[in-house]
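Okay, structure first, notes after.
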Amino acid sequence: MFRQLSILIKKEFRQIFRNKSILAIIFVAPMMQLLILPLAANYEIKNINLAVVDQDHSTLSRDLINDITSSGYFRIYYYGASYDAAYETLEEEKSDLILQIPQNFEKNLVRENSQKISIAINAINGTKAGLSGTYLSAILKKFNQKINIQYHPQIAEKIKNSGLEVRSSLWFNQTYNYRLSLVPGILVFLITLVAGMLSALNIVAEKEIGTIEQINVSPIKKSNFILGKTIPFWILGNVVFTIGLLISRFIYGIEIHGNLLLLYFFVAIYLMVVLGYGLLISTFSETQQQAMFINFFFVMIFILMSGLFTPIESMPNWAQKITYFNPLRYMIEIVRLIILKDSKLTDLFPQISALIAMAVVFNSLAIWNYRKRG
Amino acid sequence: MIFGMPIVQVLLFGFALSTEIKNTKIAVFDQDKTQESAQLLEKINQNLYFDIAENIRSDKEFEQVFKTGEKKVILNIPRGFSKNINNAEKTDIQLIVDGIDINLANQITNFLENIATDFYTKKQLQTTNQMVIKPEIRMLYNPQLKGAPNFVPGVMAMILLIVCVMMTAISIVKEKETGTMEILLVSPMKPAFIIISKAVPYLFLSLLILVSILILSVTLLELPIHGSLFLLFAVSFVYITVSLLLGILISIFTQTQQQAMLISLLGMMLPTLLLSGFMFPIENMPIPLQVISNIIPAKWYYLMIKNIMIKGTGLFIIWKELLVLLGMMGVLFVVAIKKFKIRLE
């Protein structure tokens with residue numbers, strides 16, 4: 001039985017290593033991506049382009065604009081008196097928001113104690129718009145305080161002595177490293193992509209070429225055949241993960257705070273899940289093209305519903321339930337928690353149970369669905 | 001199947017994706033335990049963005065709070081909080097934020113700070129008569145700050161690209177693998193015709209996919225199409241052609257279906273996702289990546305679709321982007337024909 005298995009594994013490895021270009025794609029492409037892409041993911045909202053319509057031209061309006069730009073979040077793209085011209089820059093995506101200061105702004109403020117300025121934000125990107133509004137409101141609050149001190153000296157003392165200070169400290173990431181969340185996530189995604197795709201294409205390829213008939217008439221056992229298909233890719237997955245881990249440690253400087261053994265234990269189980277998923281697709285499809293499309297469909301869902309790019313908490317309830325069936329979601333959490341926070345097995349109990357359950361279900365379905373005489 | 005999958009994806013992502021930080025779970029260490037601190041917590045809990053998930057009893061528990069990855073922030077209210085508020089003296093509260101995802105951490109800090117200062121000023125304003133400048137904020141194009149207007153054009157660009165590239169690449173390489181390509185090559189057909197006839201069916205299929213995506217976006221996701229439909233289709237036509245040409249190119253350089261698929265999926269998916277601008281703002285990237293992003297067709301298509309559908313702009317604003325795509329189309333076509341001929345010899 002073991003002799004049979006080892007021969008099968010040898011055969012798979014030979015096939016993998018024979019095809020040099022595929023080997024290159026498996027190793028080089030993911031690594032290149034891991035090296036380049038995390039640099040792209042800076043979501044910090046700064047450099048918000050401002051179109052200012054100043055119809056007051058007073059010292060106060062200039063002070064206000066000055067305070068806004070010196071905050072560091074905003075820069076002025078347009079300054080003038082015409083709303084239409086400002087709107088045009090918004091339409092061309094040159095500016096992100098229009099700030100309009102009305103005529104007699106300063107005069108009316110002194111007289112009525114209250115004034116409005118209107119802000120129109122391009123909200124197609126809702127997050128950016130929301131944050132821009134928040135930043136501006138915060139700046140305005142400070143500005144209000146400043147002018148109160150200036151215009152009402154009688155309460156100036158009181159204002160100066162009051163105020164709420166929110167002291168915030170960032171844990172696990174003192175150096176403001178933007179790559180901390182993305183690198184482990186992309187690493188997990190890449191091993192999913194490579195391992196899932198290879199195993200999904202594998203049995204189908206034998207079906208398409210016709211060699212599966214030969215295996216079917218040989219005395220190879222069903223379980224041995226599946227294992228022989230799985231183990232080589234499992235090893236490859238581990239190798240790719242290790243290289244990626246080295247890149248994240250030595251190129252991105254992400255230190256591994258947790259237990260390496262625990263990490264590899266999880267990787268081992270996760271690869272079982274992914275390979276089981278690939279095999280399942282493989283047994284269901286007739287052609288490689290078909291397998292590829294099904295795989296593409298799920299891979300897209302896996303990555304976009306994993307919480308890597310958008311928080312799971314912000315999805316509607318039914319969509320959050322879908323993420324419970326997404327292995328990538330659990331694995332990204334696990335890798336982040338172990339590497340960055342030194343979480344222990346006991347902290348990761350829900351994730352590990354979900355992964356084990358998926359591994360069992362996918363693999364048994366795949367074996368059950370693979371009919372030797374098919 | 002090729003038809004149904006993209007549609008399911010657009011719908012799913014259109015509903016599910018949003019970078020807003022709704023329902024972020026926070027842990028609270030309330031050392032003050034007064035009416036005021038309870039009021040502040042109540043206010044935070046009522047906010048759509050936050051859910052108070054845990055009350056901590058001691059600062060020794062801080063570390064453990066973050067270990068499961070569920071809670072993202074600890075709010076620490078010191079003793080004397082209410083006394084300071086009522087006497088209008090300087091008060092402070094502490095936020096400890098899980099900094100792994102800096103983007104998220106920044107947003108959380110900002111929102112919580114806003115709620116807290118708002119709470120504080122409301123308490124103070126009752127006692128003094130101060131001058132205020134109030135911002136009157138209007139959200140243009142997307143008043144409810146939904147995720148769909150941003151994500152649907154992006155997902156659309158991505159799905160069309162990958163489907164087109166993969167379909168053409170695989171279909172041509174398959175002919176190579178099975179040997180039927182030889183027959184085509186010895187026939188009196190011109191190489192250009194072989195290429196075109198390979199691409200045209202997929203062009204129509206992609207346009208059909210596009211139509212169904214658009215219908216569903218308008219009816220189910222309530223996305224507007226403010227601009228001209230004709231322009232929308234013209235632009236999509238160019239984009240789809242570019243994608244098909246990319247697929248043809250890949251098929252020319254590869255020998256087996258597996259290679260073609262690995263390249264189309266590995267090489268296209270992440271770069272398109274990350275560099276086209278719909279996930280992460282391009283202006284924040286390092287300069288080399290900003291330069292690279294220019295060769296991603298999806299970036300230009302995404303910009304145009306967003307403008308046409310949601311803002312309703314016309315050709316006079318997006319002609320530059322369209323020109324870039326047309327340029328890509330020309331270059332790819334020439335390269336494809338050149339390379340195809342070489343194989344003949």
field: Size of electric dipole in the protein assembly as shown: Cβ of Lys, Arg +1 and of Asp, Glu -1, about Cα centre, debye, nearest 20
entry: 1780
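How large is the charge dipole for segment B:148-339, taken about the Cα centre, if only the Cβ atoms of Lys, Arg (+1) and Asp, Glu (-1) carry charge, to the nearest 20 debye? If you can, show how the numbers build up before the last one.
Details: 10 positive and 6 negative charges, 59 e Å.
That gives a dipole near 280 debye.
Using Cα pairs closer than 8 Å and at least 6 residues apart in sequence, work out the relative contact order for segment B:21-127, in percent. Don't skip to the answer; put the middle values down first.
Values: 142 pairs, mean separation 32.1, N = 107.
Computed value for segment B:21-127: 30 percent relative contact order.
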query: When you look at the Cβ of every residue in A:135-148, what mean number of other chain Cβ atoms sits within 10 Å?
result: 3
statement: Distance in Å, no decimals, from the C-alpha centre of segment A:5-68 to the one of segment A:93-167 is 34
- line: Note on the protein assembly as shown, DSSP bridge orientation, antiparallel percent to nearest 5 equals 15
statement: Reduced to Cα centres, the span from segment B:188-209 to segment B:246-324 in Å works out to 21
- prompt: Classify the protein assembly as shown: rounded, prolate or oblate, from the alpha-carbon gyration tensor (a ≥ b ≥ c, eigenvalue square roots; a/c under 1.5 rounded; otherwise prolate if a/b is larger than b/c)?
  reply: oblate
- request: Could you tell me what percent of the DSSP beta bridges with both partners in segment B:21-127 are antiparallel, to the nearest 5?
  value: 30
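Determine, from the Cβ-Cβ distance of A:ARG249 and B:VAL331 and an R0 of 51 Å, the FRET efficiency 1/(1 + (r/R0)^6), rounded to the nearest 0.05. Write out the running numbers ahead of the final one.
Details: r = 40 Å, r/R0 = 0.78.
Efficiency for this residue pair is about 0.80.
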- line: Quick calc, B:SER228 & B:LYS320: beta-carbon distance into FRET formula, R0 22 Å, rounding 0.05, result 0.80
- prompt: Using alpha-carbon pairs under 8 Å, 6+ residues apart, how would you state the relative contact order of chain B in percent?
  reply: 19
- prompt: Rounded, prolate or oblate: which fits segment B:148-339 when a ≥ b ≥ c are the square roots of the eigenvalues of the alpha-carbon gyration tensor, with rounded for a/c under 1.5 and prolate only if a/b beats b/c?
  reply: prolate
Residues A:HIS152, A:HIS257 arranged by fewest to most Cβ contacts within 10 Å: A:HIS257, A:HIS152
- prompt: For A:LYS221, B:LYS174, what's the fewest-to-most ordering of other Cβ within 10 Å of each Cβ?
  reply: A:LYS221, B:LYS174
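What average number of partner chain Cβ atoms lie no more than 10 Å from the Cβ of the residues making up B:140-150? List each step's numbers first, then the result.
On the way: counts 11, 8, 7, 3, 2, 10, 3, 6, 2, 4, 7.
So the per-residue partner count for this stretch is 6.
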- line: Checked against the positive end of the charge dipole of segment B:21-127 (+1 on Cβ of Lys and Arg, -1 on Cβ of Asp and Glu, about the Cα centre), the farthest of B:ILE77, B:ILE56, B:SER37 is B:SER37
message: Among B:VAL324, B:THR121, B:GLY147, whose Cα projects farthest towards the positive end of the dipole of chain B, with charges put on the beta-carbon of Lys, Arg (+1) and Asp, Glu (-1)?
response: B:VAL324
message: Which residue fluctuates most in the GNM of chain A (Cα springs below 10 Å): A:ASN47, A:ASN363, A:ASN295?
response: A:ASN47
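Quick check on the protein assembly as shown: helices-only [θ] at 222 nm, where DSSP H runs of length 4 and up contribute -39,500 (n - 2.57) each and the sum goes over total residues. Nearest 500, please.
Values: 28 runs with 464 residues, N = 719.
Rounded to the nearest 500, the figure is -21500 deg cm²/dmol.
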- prompt: Based on the Kirkwood radius over alpha-carbon pairs, what value in µm²/s does the Stokes-Einstein equation return for the translational diffusion coefficient of chain A at 20 °C and 1.002 mPa s?
  reply: 86
- prompt: When every alpha-carbon pair in chain B is counted, what percent end up more than 35 Å apart?
  reply: 44
message: Run the simple label-point estimate for B:ASP59 and B:ILE292 please: 7 Å along Cα→C-beta, distance reported in nm.
response: 4.4
task: Starting from the Cα of B:MET131, step 7 Å toward the Cβ, then list every residue of segment A:117-151 with an amide N under 11 Å from that point.
output: A:144-151
- request: Would you work out the charge dipole size for segment A:48-160 about its Cα centre, treating the Cβ of every Lys and Arg as +1 and the Cβ of every Asp and Glu as -1, and quote it to the nearest 20 debye?
  value: 620
query: Distance in nm between label sites at A:SER169 and A:ASN19, each 7 Å beyond Cα in the beta-carbon direction?
result: 5.4
task: Could I have the simple spin-label model distance between A:GLU88 and A:LYS222, label points 7 Å from Cα toward Cβ, reported in nm to one decimal?
output: 7.3
- line: Comparing A:ILE226, A:ILE124, A:ILE281 in a Gaussian network model of chain A (Cα, 10 Å), the one with the largest mean-square fluctuation is A:ILE124
- request: Would you mind telling me which residue in A:PHE105, A:PHE27, A:PHE284 has the biggest mean-square fluctuation in a Gaussian network model of chain A, where springs connect alpha carbons within a distance under 10 angstrom?
  value: A:PHE105
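Estimate the FRET efficiency between B:LYS190 and A:VAL361 by the formula 1/(1 + (r/R0)^6), using the beta-carbon distance for r and 51 Å for R0, to the nearest 0.05. Please report the intermediate quantities before stating the final value.
Details: r = 53 Å, r/R0 = 1.03.
Efficiency, rounded to the nearest 0.05: 0.45.
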message: Of B:GLY314, A:TYR78, B:PRO6, which is farthest towards the positive pole of the protein assembly as shown's charge dipole, taken about the Cα centre with +1 and -1 on the beta-carbons of Lys, Arg and Asp, Glu respectively?
response: B:PRO6
- request: Among DSSP beta bridges lying fully in chain B, give the percent that are antiparallel, nearest 5.
  value: 30
message: Show me the ranking of peptides B:9-18, A:73-82 by mean Cβ neighbours inside 10 Å, starting with the highest.
response: B:9-18, A:73-82
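Rule-based calculations on the coordinates, nothing more; no lab input. Note that the coordinates shown come from a computational prediction; the quantities given were computed from them, not determined experimentally. Neighbour counts are summed over all protein chains in view; Cβ atoms, including those assigned to glycine, are modelled from backbone coordinates with ideal geometry.
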